[in-house]
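The values are calculated or read from the model by the stated rules, or taken from the named source; none is laboratory data. These numbers come from a predicted model, not from an experiment. Heads up, the Cβs are rebuilt from the backbone with ideal geometry, glycines too, and the neighbour counts pull from every protein chain shown.
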Amino acid sequence: MQSTVEFDSELFSPYLPDESQVNPHCYGAELAYWLSRKLADHGIVTSYPNAEDWGWFIEYLTESGDEFWLCCSNRNSSAKQWQCFIEAKTKRLFGRNKPKIECAKSLLKALCCILEEEQEVKNIRWCKEPWITDWANRPE
């Protein structure tokens, strides 16, 4: 199942200077906050965005208690190229018992709809894992 998407948009360009970012040329706050609101509009409840050194993420819990992160960051230090991917979080130490990505299907479907509905989002490309270039048009 495709769980990574790359796309182009000027909609999420940072409005604060580089010194205010998590790391220089590492953006994604505007995208993460936008997605959190849009997902709520689609009935998908998430956390508020949180920062990491590579970008931003929002937490999503399934009804069965499985946890996923929707990770958001820019690509190639660009303020116009973006990447989002779903990461399953483990319930135990050492990465065991991660839920299958299929458990986050409602999150993926909503993400797909949100990006396709936004006219300012262009060149949407999906793949199975971050940094793999086996692109498809949309999630299975």
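So here's what we get for this one:
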| quantity | calculated |
| --- | --- |
| Candidates 59, 63, 67 - the one that is modelled with pLDDT under 95 and within 19 Å of residue 104 (Cβ to Cβ) | 63 |
| Residue that is assigned to a loop (DSSP other than H, G, I, E, B) and charged (D, E, K, R), where the choices are 105, 91 | 91 |
| Members of the range 77-97 that are in contact (Cβ under 8 Å) with a residue 12 or more places away in the chain, under 23 Å from residue 126 (Cβ atoms) and either surrounded by fewer than 20 Cβ atoms within 10 Å (Cβ to Cβ) or out of contact with any strand residue (DSSP E or B) (no Cβ under 8 Å at 6 or more places or on another chain) (or both) | 77, 79, 80, 81, 87, 88, 89 |
| Exclusive hit being closer than 28 Å to residue 14 by Cα, surrounded by 11 or more Cβ atoms within 10 Å (Cβ to Cβ) and at pLDDT 90 or above, set 74, 123 | 74 |
| Residues that are buried (at least 21 other Cβ atoms within 10 Å of the Cβ) and either aromatic (Phe, Trp, Tyr) or part of a loop (DSSP other than H, G, I, E, B) (or both), drawn from the range 8-43 | 12, 27, 28 |
